[in-house]
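Let me begin by handing over the structure; questions about it come next.
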Amino acid sequence: MKLPRGGAYLQPESVDVAVIGAGPGGLSAAIYAAKNGLKVRIFEKKSRIGFPTVCGELLPTEEEMKRLLPRADGIPELFDAAASAAVNKCRRIGVLSPLGGSWSLSFDAYILDRHRFESLLFEETRLLGVESTLGAPARLMLSGKKACVESPAGGAVEAEVVVAADGFPSRAAVEAGLPVREYLRPENLAACLQYRVAGAGVEEDMVEVYFSSRLAPGGYGWIIPKGNGEVNIGIGARKSALRGKAAVSKLLDSFVRERLGERYEPGKIVAKAADVLPVGGALRSTCNGRVLAVGDAAGMVMPTNGGGIPTALISGKIAGETAARHLGGGCALLEYERTWRRQIGEELENATKLRRIADRLMGSDRAVHWGFTFLGEKGVREVLTCKVPWTVSPLIKLV
Ligand SMILES: Cc1cc2nc3c(=O)[nH]c(=O)nc-3n(C[C@H](O)[C@H](O)[C@H](O)COP(=O)(O)OP(=O)(O)OC[C@H]3O[C@@H](n4cnc5c(N)ncnc54)[C@H](O)[C@@H]3O)c2cc1C
């Protein structure tokens, strides 16, 4: 493909791997492709990596991750940057039911400065010789056997393998013909809105999650302490459950008033962030031709807890390594799909089915409360960490 540049026609540069999107998924893919000797270029539409931040910034520690995703490879090195980017560490999750029930679960998690976290990963790509084009949305173009990625910011490439890491909804996945229709359905979408509040005066070592059909229909609210009185406070509400309800911003304002006003010193909002998360499970297919989809672009958010950083890091690593093996003649690209399903597929599938079961209760606060009471502390922890409690396992086959 030839692209005009100042009147002349230039041949795009050839690379082994083009990565579209420099979030955790894309950066991880770039790192592992480059570590395996590939020539890589990243395209990112933001001009500052990881900024602005749209995230609760909670990342389970390595030890929790090993329990959460026990078949995932390379957890310790994937989480190298997390400790350096953490601004706080929490040891418990408090789960609050709509009728006032509460369960305190021990759970170790880093609370990140996500901008710093992604900047550290980006720095690692640079040290590995990965080139990057920042500041404009890139476009994937497929014609015949060729895959080209071009950005208005420059740096068009022809790539052997393209990693679609452009988050949700992924234009690159659409361009590649991946089956995105299902993850775009309203029942599979969570509208998220979050404030960062200073001076909230919360317990600094406990994350809190609240369930309420009034304040977070089809989802939940969270308070994540960042240390020094700062919190990320937000709600995720299912698009299908929002019909006829107040706008998400009104719901979050009520949530902040009720939760911070009632129990804590009312604080000051210093930042706002909004996005839509796919919570319908991973795409049926994440590989087509030369294109591999990772992280949110592939719908790999854990539907029972809304976490997507770990799966983005892991799927990115698998994509980078598979690209290297494929280009070395060692495997078909489709091996990517088999490998991530083997490592994290069961937990993503469990969480998707558990979410569907929970959907049947979520319309009624009483049902949610009794559901939690029935599960008890152990069961609640299992659901949040994508395990199927034995009391629920007969229902799993029905969804
Ligand atoms: C409010 C909220 C709170 C959350 N809290 C948590 C949490 O506490 N813990 C957790 O684990 N997960 C959380 N998540 C989910 C988590 O943020 C995502 O799952 C995670 O960021 C996925 O990483 P990714 O690399 O796949 O995609 P993203 O992080 O979305 O990265 C995609 C990148 O691609 C870039 N991009 C998009 N289009 C283009 C293009 N055309 N060209 C070039 N670049 C492009 C974007 O600018 C972005 O940098 C939260 C999500 C939301 C919305």
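The values are calculated or read from the model by the stated rules, or taken from the named source; none is laboratory data. Just so it is clear, the model here is predicted, and its values are computed rather than measured. Glycine gets a Cβ as well: all are built from the backbone with ideal geometry, and neighbour counts include every protein chain shown.
Closer than 17 Å to Leu277 by Cα, in contact with a helix residue (DSSP H, G or I) (Cβ under 6 Å, 6 or more places away or on another chain), surrounded by fewer than 23 Cβ atoms within 10 Å (Cβ to Cβ) and in contact (Cβ under 8 Å) with a residue 12 or more places away in the chain - does that describe any residue in region 234-249?
Among the residues of region 234-249, at least one is closer than 17 Å to Leu277 by Cα, in contact with a helix residue (DSSP H, G or I) (Cβ under 6 Å, 6 or more places away or on another chain), surrounded by fewer than 23 Cβ atoms within 10 Å (Cβ to Cβ) and in contact (Cβ under 8 Å) with a residue 12 or more places away in the chain, which makes the answer yes.
Here's another thing I want to ask about it. If the requirement is being crowded, with 24+ Cβ neighbours inside 10 Å, under 22 Å from Tyr110 (Cα atoms), touching a Gly at 6+ places or on another chain (Cβ under 8 Å) and β-branched (Val, Ile, Thr), which of these qualifies: Val279, Val231?
Just a single option satisfies the conditions, and that option is Val231.
Take the residues in region 176-215 that are outside any loop (DSSP other than H, G, I, E, B) and among the hydroxyl-bearing types (Ser, Thr, Tyr), then tell me which one is nearest to the chain's Cα centre (by Cα).
Tyr183
List every residue pair whose Cβ atoms sit under 7 Å apart, with the two residues 6 or more apart in sequence or on different chains, where the first one lies in region 154-176 and is under 16 Å from Ser285 (Cα atoms) and the second, anywhere, is crowded, with 24+ Cβ neighbours inside 10 Å and of a type in the set (S, T, N, Q).
As it stands, the answer is Ala164/Ser170, since those pairs meet every condition given.
Identify all residues within region 3-52 that are at pLDDT 95 or above, surrounded by fewer than 24 Cβ atoms within 10 Å (Cβ to Cβ), more than 21 Å from Ala147 (Cα to Cα) and within 16 Å of the ligand (Cβ to nearest atom); write none if there are none.
Passing the criteria: Lys46, Ser47, Arg48, Ile49.
Could you list, in sequence order, the residues of region 93-109 that are part of a strand (DSSP E or B) and touching a residue at least 12 places away in the same chain (Cβ under 8 Å)?
Ile93, Gly94, Val95, Leu96, Trp103, Ser104, Leu105, Ser106, Phe107, Asp108, Ala109
Has region 359-371 got at least one residue that is at pLDDT below 90, among the hydrophobic types (A, V, I, L, M, F, W, C) and out of contact with any Ser or Thr (no Cβ under 7 Å at 6 or more places or on another chain)?
Yes: one or more hits.
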